[in-house]
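Inspection log for the structure reproduced underneath, given as structure tokens.
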Amino acid sequence: ADIGIQSMVCCPVRSEVGASGAMVAFYRSQDCPDDAKRLIEIIAVQASAMISYSLAIEQSRHLLDDLAGVNQELSVQATMDGLTGLANHRALQQTLNDLCRNRSGRSQRVFSLVMVDVDHFKIYNDTYGHQEGDVVLRQVAKVLASKLRQGDFAARYGGEEFALLLRGTGKDDAREVADRIRVAVSRQALEKGSVTV
């Protein structure tokens, strides 16, 4: 009243979650023309639609972010062995295929594949149980990963078998790497004894 407002038209702005606000028009006269009322209603409906659309986009973004996270997790699970944290058999096959297809430069074509098998693992597993067997597999995987250079690749091939892909490494150097790993595994102190590969 102090500034001359004598009437107002108020129309709610709604979204899927309820009232989001209001469109308000102030008038200096007692009556608001019908055209102005309809205009306010139309603007409120349009604002409601825009807010609903904006909320839907925001929800979609959150869903897409969630899906991206789940997809990333599934991608990791699809290529990683859950017990050892090394790459799995599938990832090994893919990496091996990629290495065999790569024909750029002589040094890129040279690589070695080292197979590592835990000796007498079935007896160890039967004697001490599967949980202790899992401890052995994790420990061997840890030793393998620690002995590789950047760019080399370690994977659990299956059961108690592991595979190493050594890029740019010929058979003599690969034999040295394999021997270092063999010695390092045999020196690992386990609660139930030691294992060899």
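Ordering Leu83, Leu74 from largest to smallest accessible area (1.4 angstrom probe), what's the sequence? Mind showing how you got there, number by number?
Working: Leu83 45, Leu74 95 Å².
Result of the area sort, largest leading: Leu74, Leu83.
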> Roughly what angle does helix 89-101 make with the longest principal axis of the chain, taking Cα atoms, 0 to 90 degrees, to the nearest 10?
Replying inline: 80
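Under the rule a/c < 1.5 gives rounded, and otherwise a/b versus b/c splits prolate from oblate, where does region 1-86 land using the Cα gyration tensor? Don't jump to the answer; show the numbers that get you there.
Numbers: a/c = 7.94, a/b = 4.73, b/c = 1.68.
Since a/c reaches 1.5 and a/b is larger than b/c, the shape of region 1-86 is classed as prolate.
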> Between His120 and Asp65, what length in nm is gained on full extension when 0.36 nm per residue of separation is reduced by their alpha carbon distance?
Replying inline: 15.2 nm
> Quick one: in the chain, what % of C-alpha pairs are over 25 Å apart?
Replying inline: 61
> Helix 130-146 sits at what angle to the longest principal axis of the chain, using alpha carbons and giving 0 to 90 degrees rounded to 10?
Replying inline: 90
> Which of the lysines could a cross-linker span from Lys122 if the Cα-Cα distance has to be under 30 Å and same-chain partners fewer than 8 positions apart are dropped?
Replying inline: Lys142, Lys147, Lys171, Lys192
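Counting Lys and Arg as +1 and Asp and Glu as -1, each charge on the Cβ, what is the dipole of region 24-70 about the Cα centre in debye, to the nearest 20? Present the calculation step by step, with values, prior to reporting the outcome.
Values: 4 positive and 7 negative charges, 27 e Å.
Taking the Cα centre of region 24-70 as origin, the dipole is about 120 debye.
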> Could you give the nm distance between label points at Leu113 and His130, where each point is 7 Å from its Cα heading toward the beta carbon?
Replying inline: 2.9
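Let me spell out the model: positive unit charges on the Cβ of Lys and Arg, negative unit charges on the Cβ of Asp and Glu, origin at the Cα centre of the chain. What dipole size does that give, in debye rounded to 20? Please list the in-between numbers first.
Numbers: 23 positive and 25 negative charges, 226 e Å.
Approximately 1080 debye in magnitude.
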> For Lys147, which sequence-distant residues (separation of 5 or more, or a different chain) have an amide H within less than 5 Å of its own amide H, given hydrogens modelled in the peptide plane?
Replying inline: none
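Please state the shape class of region 21-60: rounded when a/c is under 1.5, otherwise prolate if a/b exceeds b/c and oblate if not, all from the C-alpha gyration tensor. Walk me through the intermediate numbers first.
Numbers: a/c = 7.15, a/b = 3.14, b/c = 2.28.
Here region 21-60 falls in the prolate category.
How would Ser7, Ser146 line up by accessible area, probe 1.4 Å, largest first? All intermediate terms of the calculation are to be shown ahead of the outcome.
On the way: Ser7 20, Ser146 80 Å².
Reading off the accessible areas and sorting them downward yields Ser146, Ser7.
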> For the chain, modelled as a GNM with alpha-carbon contacts under 10 angstrom, which of Asp126, Asp98, Asp34 fluctuates the most?
Replying inline: Asp34
>> In the chain, once you exclude exposed GluC sites (Glu not before Pro) (DSSP loop, at most 15 other Cβ within 10 angstrom), what's the longest stretch remaining?
In response: 17-190
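The values are calculated or read from the model by the stated rules, or taken from the named source; none is laboratory data. Worth saying up front: this structure is predicted, and the values here are computed from it rather than measured. FYI the Cβ positions are ideal-geometry reconstructions off the backbone, even for glycines, and counts take in every protein chain you see. When the accessible area is computed, the model is the full protein with side chains, heavy atoms only, and any ligands, DNA or RNA have been set aside. Shrake-Rupley method; radii C 1.70, N 1.55, O 1.52, S 1.80 Å.
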